[in-house]
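Step one of this worksheet: look at the structure below.
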Protein chains: 2
Amino acid sequence: MVQNKSVVFLKHPSDYPVVGEHIGFQTKELNVELKDKDVLLRNLYFSLDPYMRGRMRDVKSYIPGFSIGEPLTGYGVAEVKESKNDAFPVGAIVSGFTGWEEYSVVPGASRLRVLPGARESPIPLSAHVGVLGMPGMTAYTSLKIIGKPKAGETIFVSAAAGAVGQLVGQMAKKLGLRVVGSAGSDDKVDYLINELKFDAAFNYKKNGTILENLKRAAPEGIDIYYENVGGETLEAALEVMNDHGRVVACGMISQYNTQTPYGVRNLFHIVAKRITFRGFVVTDFAEEYGADFVKDVGSWLVNKDIIYKEDVTEGIDASPEAFVGMLQGKNFGKAVVKIADL
Amino acid sequence: MVQNKSVVFLKHPSDYPVVGEHIGFQTKELNVELKDKDVLLRNLYFSLDPYMRGRMRDVKSYIPGFSIGEPLTGYGVAEVKESKNDAFPVGAIVSGFTGWEEYSVVPGASRLRVLPGARESPIPLSAHVGVLGMPGMTAYTSLKIIGKPKAGETIFVSAAAGAVGQLVGQMAKKLGLRVVGSAGSDDKVDYLINELKFDAAFNYKKNGTILENLKRAAPEGIDIYYENVGGETLEAALEVMNDHGRVVACGMISQYNTQTPYGVRNLFHIVAKRITFRGFVVTDFAEEYGADFVKDVGSWLVNKDIIYKEDVTEGIDASPEAFVGMLQGKNFGKAVVKIADL
């Protein structure tokens, strides 16, 4: 019999999850009984995303929490191994919602889509959980809809070398904005400046407070803050924001793994500077903007108008540690696990 | 010679302003030399508004700060006493930007408008700095534009017995919302429930934390938070807000008079619940919505579809203390000073 190794949810963490305590492995015999419309996937890539930490909380949220004792789930790329669904034939390459495991049964093949031509394409399969997947769609839609970028404005992007940030920065450059980024290592800052051509970038762990760094990098203030971090970085961004500024609230990763969240003390700027601070979930925009996204970003990628850095962990065994590392900012580029070769 | 008594700005306060230290009186002989287009006003009513505290800060803001040694300025109702401006004849009643003093010279009569028929109208003159003035316009436009109220939703209004809050609550009731308010005394809570017909209201100083009070008053959560207060009240509102909630950021009076602002720790809800949190200044909306406002609110007022409570201080001598009291929430209704009889 085939064995199926999964990463399962063990316990709600209050700080950073610990491998073995909050998430761990389970191996079971693969025992497939497909019903009509179901598919069995052989998973190839699995995406490690900050929002998954939110699913580990024991509170109601916009997305259901993970179930104790069950495999974790998320975005992935997979090959259809068995199928009772004509739209998803055996051998098809699909992306969508799957399990953090070697094989997954997806009832009704729900939330999957076939990637036609994926085997022959020059675009790597992992791109479908990155630049051409949820993070790409997030960057593309939210920058446009909430950020309302205008040429000549300044945007500040936190976690700027991350899955979403690196795309937001490059898209904003294409639109004629001045782009400032923050990241947690000198390597990442070099990448932002030299590879992604940001106008300014800083390592938020060095050279004074985040506010001091931001003031140096954006002496004329900022018009858009693309928020991935929260806490002290958000406070600094509000402090230097210009009138009518926009905060695109994509995530607040600094606040997910702590029982003592940072208290932001200068929200009065939202009134005084007439700021719009808006949260979203990428699926809010997918229907209206999905087609534009695939066309625009697909062609930018093929034409090398944008580049995209991934941080690929090889094999499921190392992947729980890679997940925790991603929450701690240790990844350099979009965090993804390669579970198997095609 | 005629004497002109003014309230002047003495020093930037860091906490609550102190009368005699930060604001005080000055009396000068009235020596009027009008240039072409100027008018001399005899001030009748002067409006005491929370935003004025922002003009006492030593920082750049959306509105210029007060000048040390000069009379404070704000919204008022006045009679034209002398005029070199044909559009503002002697005897006309005007509202607009004037001084916190007995007489004011307004160069070019700028930011004034004539109130035709004001002497004969059943509407009291003070209404033009309240329900028919800036607070009314604020409530009317921001509830509509930022709040996007829908029948059946729940709105929570803080400082609900104040100049803006009492109108927001009544307008929301007219639109079919469930209306919850907070205020700082039992008298005000009684007024909200019994006179303004709020569905629920609480005294935020009693019966547990603000969050506990709010959960009892809004067990199904809230869809709109009309923000006048900031700090702990804002944190509680975010905690109970439903998905796609809106925060109309009108003011944050709890944060204006302190050097130790409250740190709001749960801004992650803005991401997770897809909240839109937006600040504004009433003049942003005045052009587009001014005509609708005058028509709608004027007729509601005449038809007694809405009521409006004012807290009138008689005479300029008591007015600096009334201003500080307003910042401390001691006013019950819109704070206004009656400087002189018509």
Exercise for the section: Taking A:K206 as the residue in question, decide whether it is out of contact with any Gly (no Cβ under 8 Å at 6 or more places or on another chain) and either within 11 Å of chain B (Cβ to nearest Cβ) or free of Cβ contacts under 8 Å to residues at least 24 places away in the same chain (or both). Expected result: yes
Problem - Subset of segment A:21-49 [of a type outside the set (K, R), closer than 25 Å to A:L115 by Cα and under 30 Å from the mean Cα position of the chain (by Cα)] - result: A:D38, A:V39, A:L40, A:L41, A:N43, A:L44, A:Y45, A:F46, A:S47, A:L48, A:D49
Exercise for the section: Go through segment B:218-255 residue by residue and tally those that are assigned to a loop (DSSP other than H, G, I, E, B), among the small types (G, A, S) and within 10 Å of chain A (Cβ to nearest Cβ). Expected result: 2
Practice task
Taking only segment A:29-49 into account, find how many residues are farther than 17 Å from A:V8 by Cα and outside any strand (DSSP E or B).
Solution key: 8
Practice task
Pick out the one residue from A:T258, A:T283 that is under 20 Å from A:M326 (Cα atoms), within 12 Å of chain B (Cβ to nearest Cβ), at pLDDT below 95 and surrounded by fewer than 21 Cβ atoms within 10 Å (Cβ to Cβ).
Solution key: A:T258
Exercise for the section: Could you please tell me which pairs satisfy a Cβ distance under 8 Å, a separation of 6+ or placement on different chains, a first residue in segment B:137-155 that is more than 22 Å from B:E288 (Cβ to Cβ), and a second residue that is assigned to a helix (DSSP H, G or I)? Expected result: B:I155/B:G147; B:I155/B:V168; B:I155/B:G169; B:I155/B:A172
Exercise for the section: Identify all residues within segment A:9-38 that are in contact with a Leu (Cβ under 7 Å, 6 or more places away or on another chain) and touching a residue at least 24 places away in the same chain (Cβ under 8 Å); write none if there are none. Expected result: A:F9, A:Y16, A:H22, A:I23, A:G24, A:V32, A:L34
Fill in the blank from the handout: Looking across segment B:1-24 at residues that are hydrophobic (A, V, I, L, M, F, W, C) and surrounded by 14 or more Cβ atoms within 10 Å (Cβ to Cβ), the single one that is farthest from B:E101 (Cα to Cα) is B:V18
Fill in the blank from the handout: Filtering segment B:183-230 down to residues that are polar (S, T, N, Q), more than 22 Å from B:S142 (Cα to Cα) and buried (at least 18 other Cβ atoms within 10 Å of the Cβ) yields B:N213
Exercise for the section: Might you let me know whether segment B:329-337 holds any residue that is under 19 Å from the mean Cα position of the chain (by Cα), within 14 Å of chain A (Cβ to nearest Cβ), under 29 Å from B:E239 (Cα atoms) and not acidic (D, E)? Expected result: no
Fill in the blank from the handout: Taking segment A:267-280 and keeping only residues that are within 18 Å of B:V281 (Cβ to Cβ), in contact (Cβ under 8 Å) with a residue 24 or more places away in the chain and either assigned to a loop (DSSP other than H, G, I, E, B) or at the interface with another protein chain (Cβ under 7 Å from one of its Cβ atoms) (or both), one is left with A:L267, A:I270, A:K273, A:R274, A:I275, A:T276, A:F277
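The values are calculated or read from the model by the stated rules, or taken from the named source; none is laboratory data. In this text, all values refer to a predicted model and were calculated from it rather than measured experimentally. Ideal geometry is used to build each Cβ from the backbone, glycine not excepted, and the neighbour counts take in all protein chains shown.
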